[in-house]
Amino acid sequence: MTAEGIAVALIAGLAGGTVAALVMGSIQAWMARSKGSWRVEYAVPRPGPPPIVTRRAGGSSGMGPFDRFDESGKRVLALAQEEAIRHNHNYIGTEHLLAALLRDEGTVASRALTSLGIELTKVRTATDFIIGRGDQPTSPSDITLSPRTKKVIDLAIDESRRMGQSHVSAEHFLLGLIREGEGMASGVIESLGVSLPTLRMKVLELLAQPGSPPPASYAAPPPPPRAHAWGPFNGFTARAKRVLALAQDEAIRMGHTYIGPEHLLLGLARLADLSQADPSMKRIFDTLGLTLEQIRTELGKVIPPSGQPTVPSEITLSPETKEVLYFVHESAGDKPVVPEHLLLAIVRDDQSFGAQLLTRLGVTPERVRAVGGH
């Protein structure tokens, strides 16, 4: 399992004139409907990604909200529903859309994502880590669209309209995810070291290759300002999120079902030990005379590996780690959270397990604070 799993976008199509207005009205009405009024359903199973059909409760006929979606657009929704079911979730969130875009290989959206190192396994691991799996299996008839997913669909339709295209495709979904900019998918993309503007430029670059670039007049509006609702990983830079991913990997490696400060410490050490080591962390750990193997060996003496396999969905944050994250936000203030904040939070309390572990290796909390002061 790769460590980058902790921590999405769209592009083009709707016809103009009266028809476009009618279609947009149909989709807006669909978005406002309550659970069960519109459902994403599978047609008869066949090899490859399942097609989807839509129907209105009660079986009435007429133009449905998905009639402007081409085959790739419909596949995205069908595969997103599969991803929700796979995680026992009763909704389709932006994280499920992102996984679906990666599963539909060969599209501009999938190629743009994978070319920047965003892979299906990493997205699934991040979803398991941050959200987890539901306790009960989910039926397709129970699944609804989250408010953010509805917004992404709205933005995808707008992207297609701005590009003068008649159908919504997978790439429009990706551009819509990018423009929405607030959902789980956006956080996963950024946690993997890819900025949303970079991904957007890659999509537009790939669209231009077949000879069908967006019109010269095309210009997407800027993303809306981010909300300020607090979350434990708010403000984390890609470097800090990578530490969390590496910490989870260390917990799994030891067969632990939690991430403690000791795993965070190992994540920081791995950041300094990678073939392309983080320069700041490497300097700190070299100055302290600490190595990854030293910390692993010492930790193994106190908390041996369990010998039992652990899956990401079983892992939670320990109470002490939650306290570390609180101190991280307190010390960072309005500044972005970087790995140095995590290191200093671990040794903030001289009696904490992380501080005691370092003391056993001959490194006092005072020395860590002096070397890692940020």
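The values are calculated or read from the model by the stated rules, or taken from the named source; none is laboratory data. Since the structure is predicted, the reported quantities are computational estimates derived from the model, not experimental observations. So basically every Cβ, Gly included, is an ideal-geometry build from the backbone, and we count neighbours across all protein chains shown. Ligands, DNA and RNA are excluded from the accessible area calculation, which covers all protein heavy atoms including side chains. Shrake-Rupley method; radii C 1.70, N 1.55, O 1.52, S 1.80 Å.
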* Structure fact -> Given (1) outside any helix (DSSP H, G or I); (2) of a type in the set (K, R); (3) under 26 Å from L206 (Cα atoms), R133 misses just (3)
* Would you confirm whether any residue within the stretch 294-314 is open to solvent by 60 Å² or more (accessible area, probe 1.4 Å), of a type in the set (S, T, N, Q) and within 25 Å of V337 (Cβ to Cβ)? => no
* Asked: Here is a list of conditions, (1) modelled with pLDDT under 80; (2) open to solvent by less than 40 Å² (accessible area, probe 1.4 Å), and L177 meets all of them except one; can you say which number that is?
  -> (1)
* Asked: Is at least one residue of the stretch 363-372 at pLDDT below 85, out of contact with any Gly (no Cβ under 9 Å at 6 or more places or on another chain) and closer than 16 Å to L288 by Cα?
  -> yes
* Leading residue by the ranking (surrounded by the most Cβ atoms within 10 Å (Cβ to Cβ)) among those in the stretch 93-131 that are of a type in the set (D, E) and farther than 13 Å from S186 by Cα -> D104
* Does L299 satisfy being part of a loop (DSSP other than H, G, I, E, B), at pLDDT 90 or above and over 27 Å from the mean Cα position of the chain (by Cα)? -> no
* Structure fact -> Output for Cβ contacts, cut-off 8 Å, separation at least six or different chains, first residue open to solvent by less than 10 Å² (accessible area, probe 1.4 Å) in the stretch 354-374, second among the polar types (S, T, N, Q) and assigned to a loop (DSSP other than H, G, I, E, B), reads L358/T364
* Structure fact -> Selection over the stretch 311-335 where residues are over 26 Å from R253 (Cβ atoms) and touching a helix residue (DSSP H, G or I) at 6+ places or on another chain (Cβ under 8 Å) yields a count of 2
* Breaking point among (1) modelled with pLDDT of 90 or more; (2) in contact with an Asp or Glu (Cβ under 7 Å, 6 or more places away or on another chain); (3) closer than 21 Å to L271 by Cα, for R360 -> (3)
* Go through the stretch 132-163 and give me each residue that's among the acidic types (D, E) and surrounded by fewer than 24 Cβ atoms within 10 Å (Cβ to Cβ). => D135, D142, D154, D158
* Asked: Can you tell me which residues in the stretch 154-170 are within 16 Å of V203 (Cβ to Cβ) and part of a helix (DSSP H, G or I)?
  -> L155, A156, D158, E159, S160, R162, A170
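Taking into account only those residues within the stretch 338-353 that are part of a loop (DSSP other than H, G, I, E, B) and farther than 19 Å from V302 by Cβ, which is least open to solvent (accessible area, probe 1.4 Å)?
V338
Considering only residues that are among the β-branched types (V, I, T) and either closer than 28 Å to L207 by Cα or not in a helix (DSSP H, G or I) (or both), which ones fall in the stretch 109-130?
Answer for the stretch 109-130, where residues must be among the β-branched types (V, I, T) and either closer than 28 Å to L207 by Cα or not in a helix (DSSP H, G or I) (or both): T114, I118, T121, V123.
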* Name every residue in the stretch 307-327 that is assigned to a helix (DSSP H, G or I) and farther than 13 Å from L244 by Cα, in order of residue number. => S313, E314, P319, E320, E323, Y326, F327
